[in-house]
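Read-outs: derived from the displayed coordinates by stated rules, not from any lab. These figures come from a predicted structure and were not determined experimentally. Positions of Cβ are backbone-derived with ideal geometry, glycine not excepted, and every protein chain shown enters the neighbour counts.
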Amino acid sequence: MKKNALHNLTKRLTFVFFIALSLQMIAQENPNTENKSDFWSDVQFGGGIGLALGSGYSNISISPTAIFNVNQYVSVGAGLQYSFLKQSDFYSSHMYGGSVIALFNPIEEIQLSTELEQLRVNVDLEGSNSNSADFWNTGLFVGAGYRMDNITIGIRYNVLFNNDKNVYADALMPFVRVFF
């Protein structure tokens, strides 16, 4: 009976030893090789910063954007936007919101884009509270541009443009897009 008990104990100790050894091997595995996600290596950041100052006029804007490169042809992303405009003795305006964007590069030099933008617009006309306005402005842009590495220069068209209630002067707008 002692021989059988010793044999069972040896089996159990051998089993525990190999389990411990396996756990040790898993713990020693380099986490930077196989388990690391490549998500962040496919993300690019960019956007725009604007500053225009003149005689009684100020225009300050910031619009950070991030895109995820799905593959060499398609990228999707999102952005935020804030703008402040002021014309002394006439009006001041705050615009803020966000956008989603999809980019398609059929060939390396050409970039096609669609962008849905939603902005909250607050306009205060100086000396007249009745003419102040608060509204949402939605833009759906389709565009095309020439791409050189991380920079794209092109033109986009707002298919939802409305002359009566719009923050842009025209439906057709040039753009410069930079991502790092």
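All but one of (1) within 17 Å of the chain's Cα centre (by Cα); (2) surrounded by fewer than 18 Cβ atoms within 10 Å (Cβ to Cβ); (3) among the β-branched types (V, I, T) hold for I101; which doesn't?
(2)
L140 passes all but one of (1) free of Cβ contacts under 8 Å to residues at least 40 places away in the same chain; (2) over 15 Å from S99 (Cα atoms); which number fails?
Result: L140 passes all but (2).
Taking the residues in segment 127-162 that are surrounded by 14 or more Cβ atoms within 10 Å (Cβ to Cβ) and of a type in the set (D, E, K, R) as candidates, determine which candidate is nearest to D42 (Cα to Cα).
R147
Yes or no: segment 57-69 includes at least one residue that is touching a residue at least 40 places away in the same chain (Cβ under 8 Å) and part of a strand (DSSP E or B).
Looking through segment 57-69, at least one residue is touching a residue at least 40 places away in the same chain (Cβ under 8 Å) and part of a strand (DSSP E or B).
From the set of residues in segment 45-69 that are surrounded by 12 or more Cβ atoms within 10 Å (Cβ to Cβ) and out of contact with any Gly (no Cβ under 8 Å at 6 or more places or on another chain), which is farthest from T152 (Cα to Cα)?
Of all residues in segment 45-69, those surrounded by 12 or more Cβ atoms within 10 Å (Cβ to Cβ) come to 45-48, 57-69.
Filter once more, keeping what is out of contact with any Gly (no Cβ under 8 Å at 6 or more places or on another chain): 45-46, 48, 57-58, 69.
Details: F45: 14, G46: 12, G48: 13, Y57: 29, S58: 27, N69: 15 Å.
Step by step, filter segment 45-69, then rank; the result is Y57.
Please enumerate the residues belonging to segment 149-180 that are over 19 Å from V121 (Cβ atoms) and of a type in the set (F, W, Y).
Selection gives Y157, F175, F179, F180.
Please go through (1) within 18 Å of G154 (Cα to Cα); (2) in contact (Cβ under 8 Å) with a residue 60 or more places away in the chain for F104 and return the number of the only condition it doesn't satisfy.
With respect to (1) within 18 Å of G154 (Cα to Cα); (2) in contact (Cβ under 8 Å) with a residue 60 or more places away in the chain, F104 is out only on (2).
Taking Y157 as the residue in question, decide whether it is out of contact with any helix residue (DSSP H, G or I) (no Cβ under 8 Å at 6 or more places or on another chain) and without any contact (Cβ under 8 Å) to a residue 24 or more places away in the chain.
So Y157 passes the test.
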